[in-house]
Amino acid sequence: MVPIAYYLILAAILFSIGIAAFLIKRNVITIFMSIELMLNAVNLTFVAFSHMWHQVNGQIFVFFVMVVAAAEAAVGLAIIIALFRMRQTLDVDQINLLKN
Amino acid sequence: MNPQLLWLIPILPFAGFLINGILGRKLPRALVASIALLFTAAPALIVAQLWLYMKSAGAPLSLSVSSVPWIAVSGFHVDFAFTVDHLTLIMLGVVTCVGFLIHLYSVSYMAHEDGYSRFFAYLNLFMFFMLVLVLASSFLLLFIGWEGVGLASYLLIGFYFTKDSAANAGKKAFIVNRIGDFGFLIAMFLLVAHYGTLDFNTIFASISASPLTGGFFTAVALLLVLGATGKSAQIPLYIWLPDAMEGPTPVSALIHAATMVTAGIYMVARCHVLFDHSPVALTVVAIIGAATALLAATIGMVQHDIKRVLAYSTVSQLGYMFLACGIGAYSAGIFHLMTHAFFKGLLFLAAGSVIHALSGEQDMRRMGGLWEKIPITFWTMTAAVFAICGIFPFSGFFSKDEILYQTFISPNPLHLLLWFVGLVTAGLTSFYMFRLWFKTFFGESRFEQHGSSHFPDLHAAHLAAVHASKTSTLTLEADLEPAPAHSVHESPWIMTLPLIILAILSLIGGWVGIPAALGGHNEFEHFLAPVFSAAAEPVVATASHAVELTLAAVSLLTAALGFFVAYLFYYRKPGSAAALAKKFAPIYSLLDHKYWVDEIYGRMIIAPLLMFSRIFLNGFVDGGIVQGTSTGLAVSTRGSGWLVRRIQSGNIRSYAGWLAIGAAAVIAIVLFGHHTLPH
């Protein structure tokens, strides 16, 4: 049986990669993907603990997260497409219509 | 008689003030005037009833009403309480009677003015405070009235507030009175500290029980005198009264001649127990009175504005009353107060009638020859002039003579000097009043219609406009006259009626105090005797009737001399006065500039005060401390905002970065700092 710590470390690594990508990258799609990565890192910890304690709550939670993530992807991608059509760019630093 | 009626006396004019003050602008003028008249006539009727009651046999010497406690703080308490004794009764009579007559006069005098309802509202407000002042049975309530009449006076002097000089005169009166009020306040504080109360009866009972004189009593008395010099326009605070003539003429008559300015004399008389315990304060009062009487009379001799002559005359006559109080002859002072209210109120109203007739002309150099054209005004004014000059048997003769007589016979050697000053002043008074009389009513007419720009006040401009439209159809008298070349006309009956009544009072008002030497009983003094009987020393020394008659003859001769000189200068040889003025140019200039008192005050007090205010208060306190604090606050706020603002970059990724760092910090603390943190 794989110790729980391994899952947690993997999840932490994934989460950190997500954060780093979120902070560094400028492309909206990449940022979007990094958010998905963070969500899935969390999902991984949920599943790991669920397995460890033999309880189903964590897995149910994961389904919820996946549903929300799917909805978010649908809306988010739609927004991104709309943005691109309007601005011809996906660089977040140039999408500053509301600033000033 | 139900004593609760006393409440109505001041409250009715206050109701008039409220009605006219709040609704007056929307009401027709006739209604405004009726309200104002009704609410001043009613107190006069109550006072008349009160008078009959108090005169009746077996009536109490004083009548009091008091309300629930007004201020009650640990041992110190004051009620709204009114007391009427014989002194108050005389003041009430003068205030309500003269007040009503002047209200009546104003109905017509102010008829063409804007702010008609405002004028009557203020006038009623004044009546309210003046009646509170004389009815008050404690220093605090008296002070309320005292301040209130000051407020009404300020409002009415500045009635033509669009005119700079009027607004400034109002401010001057108010500020100069503040100096006096400061003295009054300190005196009240001393009394509270010493007696724990401000009630007249309690304080005066303690004082008259005290065997001591001077010291504390002198301090309190002198502070009260400071207050009285402010309100009653005595040296050194008389300077506001001549400027107060900027107000409408009925205001000058009511407030600045007949009633308010006598409040100081009333206050001194009311506190006579205190003053009797302080010979020093009494001497100061007497000297101030005599000096003011002389100084103001000399200034009055050379003024050209008819109202200014009367203003200085008022200051001078108030000096007489002060002199009377200062020598302990309080009833003589109050007697003169009463007769003065009649004849000086009349003089002002008649002067107002003259000004009205001449469409606002106030300069006596442009009057003259009016006696045929405005006969009622002329004859009533003549009565007033005779009264103020002390011609037998007019009222001023008896009251002024009483003061001079009491001064002469009092044992103090200083008083002989004061008597002489008073006598000289009587001569001067006679001179400047007959000067006014001759210049206004006799000689050639020097009046010509001017363009409206020449008129000294707004009233004049209005009148000119009105007269241009309806010449001399205003009155019966004017119609009877053979159509004058210019629209000089007698005033309507509503203005001449008060003149006639006051003229009768000026004539017979003195007969209540005919001294025994002239075959009278001096009822006035007997009437006031219960109030002043507590006087510590019987100042009324007795002298033979021969002395009294001689003195009366001397003052009559002095008055006649004044008349003769005025006759010579201003009737027989009209140019000689100017020649004399040229000959004694320095003296004339000194008088013409009112002894440079305004200028001296300006240099000595106002300029240093302004300098101090500008440099210290404005420059250091306001500019440095106050503005520095607020500027410092603003700068530090802006600085910290500048720093903190950098966090709000608007860059979402930086926010996310801060979020991540924060989360990392929380995790770090949870993991590693757990044991070091307190629970």
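Laboratory data are not the source of any read-out in this text; all were calculated from the coordinates shown. Since the model is a prediction, treat every value here as computed from it, not as a measurement. We place every Cβ from the backbone using ideal geometry, glycine too, and count neighbours over all the protein chains shown.
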Once R0 is set to 25 Å, what does the formula 1/(1 + (r/R0)^6) return for the Cβ-Cβ distance between A:ASP91 and A:VAL65, expressed as a FRET efficiency to the nearest 0.05?
0.30
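Can you tally the net charge around B:SER630? Count Lys and Arg as +1, Asp and Glu as -1, for every other residue whose Cβ sits under 13 Å from the Cβ of B:SER630.
It works out to a net charge of 0.
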For the charge dipole of the protein assembly as shown, defined by +1 on Lys and Arg C-beta atoms and -1 on Asp and Glu C-beta atoms about the Cα centroid, which residue among B:LEU135, B:PHE442, B:LEU125 has the Cα displaced farthest towards the positive pole?
B:LEU125
Please turn the phi angles of the range B:151-168 into ³J(HN,Hα) values with the Karplus equation 6.51 cos²θ - 1.76 cosθ + 1.60 (θ = phi - 60°), one per residue in order, whole Hz, x for glycine and proline.
5, 4, 4, 4, 5, 7, 4, x, 4, 8, 6, 6, 8, 4, 5, 5, 4, 5
For chain B, what does the helix formula give at 222 nm: sum of -39500 (n - 2.57) over DSSP H segments with n ≥ 4, over the residue count, nearest 500 deg cm²/dmol?
-22000 deg cm²/dmol
Looking at the range B:149-178, which chymotrypsin sites (Phe, Trp or Tyr not before Pro) are DSSP coil and have at most 16 other C-beta atoms within 10 Å of their C-beta?
B:PHE161
Given chain B, longest segment not containing exposed loop trypsin sites (Lys or Arg not before Pro) (DSSP; at most 12 other Cβ within 10 Å):
B:1-469
Inter-probe distance in nm under a simple model that places probes 7 Å from Cα toward Cβ, at B:LEU212 and A:SER16:
9.3
What distance in nm lies between label points placed 7 Å from Cα along the C-beta direction at B:ASN412 and B:ALA529?
2.4
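Using only Cα atoms, what Kirkwood radius does the range B:5-592 have, in angstroms?
24.0
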Here, trypsin sites (Lys or Arg not before Pro) of chain A satisfying both criteria (DSSP loop; at most 10 other Cβ within 10 Å) are A:LYS99
Please identify the longest segment of chain B free of exposed GluC sites (Glu not before Pro), where exposed means a DSSP state other than H, G, I, E or B and no more than 14 other Cβ atoms within 10 Å.
B:1-371
Grab the Cα-Cα distance for B:ILE587 and B:TRP642, subtract it from 0.36 nm times how many residues apart they are, and report the gain in nm with one decimal.
12.6 nm
Using θ = phi - 60° and the Karplus relation 6.51 cos²θ - 1.76 cosθ + 1.60, list the HN-Hα couplings for the range B:85-100 in order, rounded to whole Hz, with x at every Gly or Pro.
10, 5, 5, 4, 4, 5, 4, 4, x, 5, 5, 6, 5, 5, x, 5
Which whole-number percentage describes the relative contact order of chain A, with Cα contacts under 8 Å and a sequence gap of 6 or more?
28
May I ask which of B:LYS171/B:LYS344; B:LYS26/B:LYS344; B:LYS172/B:LYS373; B:LYS439/B:LYS594; B:LYS171/B:LYS439; B:LYS55/B:LYS307 have a Cα-Cα span longer than 29 Å here?
B:LYS26/B:LYS344; B:LYS172/B:LYS373; B:LYS171/B:LYS439; B:LYS55/B:LYS307
Across peptide B:644-650, what mean number of C-beta atoms from other chains lies inside 10 Å of a residue's C-beta?
1
In range of the label at B:GLN627: residues from the range B:592-619 whose backbone nitrogen is under 13 Å from the point 7 Å along Cα→Cβ
B:614-619
I'd like the FRET efficiency for B:HIS112 and B:THR382, computed as 1/(1 + (r/R0)^6) with the beta carbon distance as r and R0 of 25 Å, rounded to 0.05.
0.35
With each pseudo-label sitting 7 Å past Cα toward Cβ, what's the A:LEU77-B:LEU18 distance in nm, one decimal?
8.0
If you place +1 on the Cβ of every Lys and Arg and -1 on the Cβ of every Asp and Glu, how big does the dipole about the Cα centre of the protein assembly as shown come out, in debye to the nearest 20?
2140
Going by Cα centres, the range A:22-72 and the range B:209-266 are how many Å apart?
92
Using +1 on the beta carbon of Lys and Arg, -1 on that of Asp and Glu, and nothing else charged, what's the dipole of chain B about the Cα centre, debye to 20?
1860
